[in-house]
Amino acid sequence: MTRSTPGYSLIEVLIAFVILVSILAILLPSNAALFVAIPRVEERVLAQDYAQSRIATFGISRPIYITDTQGTYRDKWIWHEIIVQRPEPITDAQLFEITVKILSPGQKQLAEVTMLRVQK
């Protein structure tokens, strides 16, 4: 009389383990490149957000006038603001183009935001 016990044999478990390890060995190198890129992407997103927040203050808490200024933020980034007046005539109002660039310490551009603002 033969009695069969439920479950998997050792050979079946080893084969499943080999298949799983093979799939992980194929997927991990491609995902490793993504993990390396995360800090760079995060820095660019933060720089974009900072540039947009600088532009948002023009005409609200800061007056708009033609200028070309730069400074540093947290001793990490260099911001560069360029404001030029657009030549298009608008009735009793002025049109300004505001550009904010954020550069890394190595002068690599992280973000650039441009916006038009009307001032009476």
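The table that follows gives values for the structure above.
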item: Residue that is farthest from Ser104 (Cα to Cα), among those in the stretch 30-44 that are modelled with pLDDT under 85 and among the hydrophobic types (A, V, I, L, M, F, W, C); result: Ala32
item: Residue in the stretch 37-93 that is farthest from Thr114 (Cα to Cα), counting only those that are part of a helix (DSSP H, G or I) and β-branched (Val, Ile, Thr); result: Ile38
item: Tally of residues being modelled with pLDDT under 90 and β-branched (Val, Ile, Thr) across the stretch 1-29; result: 3
item: Matching residues, the stretch 50-84, being acidic (Asp, Glu) and at pLDDT below 90; result: Asp75
item: Selected residue (criterion: modelled with the lowest pLDDT) from residues of the stretch 85-106 that are of a type in the set (A, V, I, L, M) and surrounded by 13 or more Cβ atoms within 10 Å (Cβ to Cβ); result: Leu95
item: Hits in the stretch 59-84 (condition: surrounded by 12 or more Cβ atoms within 10 Å (Cβ to Cβ) and more than 20 Å from Asp49 (Cα to Cα)); result: Ile64, Val84
item: Positions within the stretch 63-120 being in contact (Cβ under 8 Å) with a residue 60 or more places away in the chain and under 28 Å from the mean Cα position of the chain (by Cα), in sequence order; result: Ser104, Leu110, Ala111, Glu112, Val113, Met115
item: Residue in the stretch 26-41 that is over 23 Å from the mean Cα position of the chain (by Cα), of a type in the set (S, T, N, Q) and either over 17 Å from Lys120 (Cβ atoms) or surrounded by 10 or more Cβ atoms within 10 Å (Cβ to Cβ) (or both) present; result: no
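The values are calculated or read from the model by the stated rules, or taken from the named source; none is laboratory data. The structure displayed is predicted, hence computed values, not measured ones. Note that we place each Cβ from the backbone using ideal geometry, even for glycine, and neighbour counts take in every protein chain shown.
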